[in-house]
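No lab work stands behind these numbers, since they all come straight from the coordinates. What you see is a predicted model; the values in this text were computed from it and never measured. Glycine gets a Cβ as well: all are built from the backbone with ideal geometry, and neighbour counts include every protein chain shown.
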Amino acid sequence: MKSLKSLWQRADRRLWVLSILIGFVVTWLVNIVPFINKVERFAVFYLLLYGAFAIWTGFTLQNRRWCWQAFVFPVSFLLAAHLFGPKYSLYFAPAYLAVAYLAWSMVRANRNK
């Protein structure tokens, strides 16, 4: 119990809030709003916005030794995509996790040189 409390104290709350807002709430809105068509949803939101957010997540976690907080955005996106989105959107969650991890590891590798 004590280790979970210390883990939560070291967690980046801004990252958690933004990850849940963008991962769940924006995904829900994008899939519910009728004036956003499938092409806009795929190109603008799934590729550009969420991809850029995954990269930002990796850069934000650059000072952390472990990047376990990178799971928050893909998990919240996966939950919203499963509940509200098309079936093909489920495959984006592991891609966002991979992009966040790649950004985190590249920044840490450059910093350690």
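Once amide H atoms are built 1.01 Å from N in the peptide plane, which residues 5 or more positions from ASP12, or in another chain, come under 5 Å H to H?
Under 5 Å from the amide H of ASP12: no residue qualifies.
Pick from SER76, SER89, SER19: which is most flexible by mean-square fluctuation in a GNM of the chain where alpha carbon atoms under 10 Å apart are linked?
Of SER76, SER89, SER19, the Gaussian network model singles out SER89 as fluctuating most.
With springs only between Cα atoms under 10 Å apart, run a GNM on the chain and tell me which of VAL44, VAL33, VAL99 wobbles the most.
Of VAL44, VAL33, VAL99, the most mobile in the Gaussian network model is VAL33.
Excluding ASN63 itself, calculate the net charge of residues whose Cβ lies under 10 Å from the Cβ of ASN63, where each Lys or Arg counts +1 and each Asp or Glu counts -1.
On the way: positive: ARG64, ARG65, ARG108, ARG111; negative: ASP12.
In short, +3.
Mean-square fluctuation check for the chain, GNM, Cα pairs under 10 Å: which of PRO74, PRO86, PRO94 is largest?
The residue that fluctuates most here is PRO86.
Restricting to DSSP H runs of at least four residues, report the calculated mean residue ellipticity at 222 nm for the chain, -39500 (n - 2.57) per run over all residues, nearest 500 deg cm²/dmol.
Details: 6 runs with 67 residues, N = 113.
Dividing the helical sum by the residues of the chain leaves -18000 deg cm²/dmol.
Could you work out the Kirkwood radius for the chain, taking every pair of different alpha carbons, averaging 1/r and inverting it, reported in Å?
14.6
Explain nothing, just compute: Karplus ³J(HN,Hα) = 6.51 cos²θ - 1.76 cosθ + 1.60, θ = phi - 60°, for every residue of the range 61-78 in order, whole Hz, x for Gly and Pro.
Each residue's phi maps through the Karplus curve to give 8, 4, 8, 8, 6, 10, 9, 5, 6, 5, 6, 5, 5, x, 5, 5, 5, 4 Hz.
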